[in-house]
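I have placed the structure first, in the form of C-alpha cells, so that the comments after it can refer back to it.
The values are calculated or read from the model by the stated rules, or taken from the named source; none is laboratory data. Because the structure is predicted, anything quoted here is derived from the model rather than measured. Quick reminder, even Gly has a Cβ in these numbers, built from the backbone with ideal geometry, and neighbours come from all protein chains shown.
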Amino acid sequence: MRFRVLAAASARHDGHLRGLATNPGEKPGPGVRYHGQVRILGIDTSGAAASVALVESAQVRAEERLPAQSRASRELLPAIERVLGRCGLGPGEVDGFAAVRGPGSFTGLRVGLATAVGLALAGGRPAAGSSALDLLAEQAPADAGAVCALIDAGRGEWYAGFYRRRAGSLERQGEYGILTVPALSASLALPIVLVGPGAGRARDILAGCRAQAAIAPHTDLLAAPAARALERLLASGAVPNPDSLRPLYIRPSEAERTRRWPTTHSASSA
C-alpha cells in the first residue's frame, strides 16, 4: 500500500483546512453513481476516543480505537492500514472516505480531515464529513422527542446541538452552539434526553436544578457512524466532492484568541 504517497497528499491538504470554520455544502464529486454495496472508511480524530472503521452495507467489517489523541497524527495511517488489511483491502478498493468534522480538538480535526481528503483525492473517490453532535444525537432512543447532544468544551462550557423528532427522524433545531452552565440549565427546563461525552458532567452540575433530563447511553467511537452517514448519502445519488469538506470549529482556536488579545489589550491600555 502506498501510504507514504497518501500521507504526503493528506499533509499537503492540511494547509487548505487550516482556519476554515464553515462547510460550504456538498459540490458535485467525481462522475460516478454508487449503487448496491459500497465500502466506506470512516475516520474520527475529533475527541479523545479517536477511531477508524471500515463499513460495508451499514455493517462494521473492522474497527480500531486509536491511542491517546496526542499520538493520533502518528498512529492514524498505520491504523487505517491495519483496518483495511483485516478486510483484505487496499485503499483503492474503498468507495468513499468519511470523517467527523467537529467540534473537537483543532489539531485532531485537521489531521483526520486532511487524511480523509488526501486518501479521497489520491484515489479519485468522494469524501464527506459529519458533525459529531449529529452522530451522537442519532444514538438517542427512538422514543426521545427532544434531544440535546453535548461535548465537553472545557472552561465550564459544552458544545451543544438541540434536536426534535418529527415523523420518526431527528431534526436539528437552530445552529450548533456553546453553552455555559446557566444557559444549559435554562435550556433543560422541559423534558429532554442528553447524549454524548459531556452529558454526565452536565447532569452532575445540574443536579440541584430543576432540569428534566435523562441520560442516553452512547458510543464515543464515531468513525463507523460517520461512514454510515456517507453510505446513506451515496445511496441517495449524491457524490460529495472532497474539496467541500471543512472542519466544524464552533469557536476560535486558542491560537486565534491569543493573536487577537495583544491588539485588544493595547487598545484598552492606551
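Quick notes
Conditions (1) at pLDDT 95 or above; (2) of a type in the set (K, R); (3) under 25 Å from G154 (Cβ atoms); (4) not in a loop (DSSP other than H, G, I, E, B), marked per residue:
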| site | (1), (2), (3), (4) |
| --- | --- |
| A229 | yes, no, no, yes |
| L248 | yes, no, yes, no |
| P252 | no, no, yes, no |
| A255 | no, no, yes, yes |
| T258 | no, no, yes, yes |
| W261 | no, no, yes, yes |
| H265 | no, no, yes, yes |
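- A199 falls short on exactly one of the conditions (1) closer than 20 Å to R251 by Cα; (2) free of Cβ contacts under 8 Å to residues at least 40 places away in the same chain; (3) surrounded by 12 or more Cβ atoms within 10 Å (Cβ to Cβ); (4) under 19 Å from the mean Cα position of the chain (by Cα), and that condition is (2).
- Residue within the stretch 110-122 that is over 21 Å from A235 (Cα atoms), in the same structural domain as S236 (by TED's automatic domain parsing), under 20 Å from the mean Cα position of the chain (by Cα) and free of Cβ contacts under 8 Å to residues at least 40 places away in the same chain present: no
- Residue in the stretch 165-177 that is farther than 12 Å from A213 by Cβ, more than 20 Å from the chain's Cα centre (by Cα) and part of a strand (DSSP E or B) present: yes
- Number of positions in the stretch 139-172 that are surrounded by fewer than 18 Cβ atoms within 10 Å (Cβ to Cβ), under 20 Å from I250 (Cα atoms) and at pLDDT 95 or above: 2
Yes or no, residue by residue, for (1) outside the structural domain of A50 (by TED's automatic domain parsing); (2) within 15 Å of the chain's Cα centre (by Cα); (3) among the hydrophobic types (A, V, I, L, M, F, W, C):
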site: R82; (1), (2), (3): no, no, no
site: C87; (1), (2), (3): no, no, yes
site: V94; (1), (2), (3): no, no, yes
site: P103; (1), (2), (3): no, yes, no
site: G124; (1), (2), (3): no, no, no
site: A144; (1), (2), (3): yes, no, yes
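- Residue in the stretch 186-193 that is surrounded by fewer than 24 Cβ atoms within 10 Å (Cβ to Cβ) and within 27 Å of S57 (Cβ to Cβ) present: no
- Check on A160, aliphatic (A, V, I, L, M) and without any contact (Cβ under 8 Å) to a residue 12 or more places away in the chain: no
- L190 fulfils the conditions (1) in a loop (DSSP other than H, G, I, E, B); (2) within 29 Å of G108 (Cβ to Cβ) except for a single criterion, (2).
- One residue from L184, L150, L133 being part of a strand (DSSP E or B) and either aliphatic (A, V, I, L, M) or under 23 Å from D44 (Cβ atoms) (or both): L150
- Across the stretch 89-112, the qualifying residues are those that are in a loop (DSSP other than H, G, I, E, B) and modelled with pLDDT under 95, and the one among them that is surrounded by the fewest Cβ atoms within 10 Å (Cβ to Cβ) is G90.
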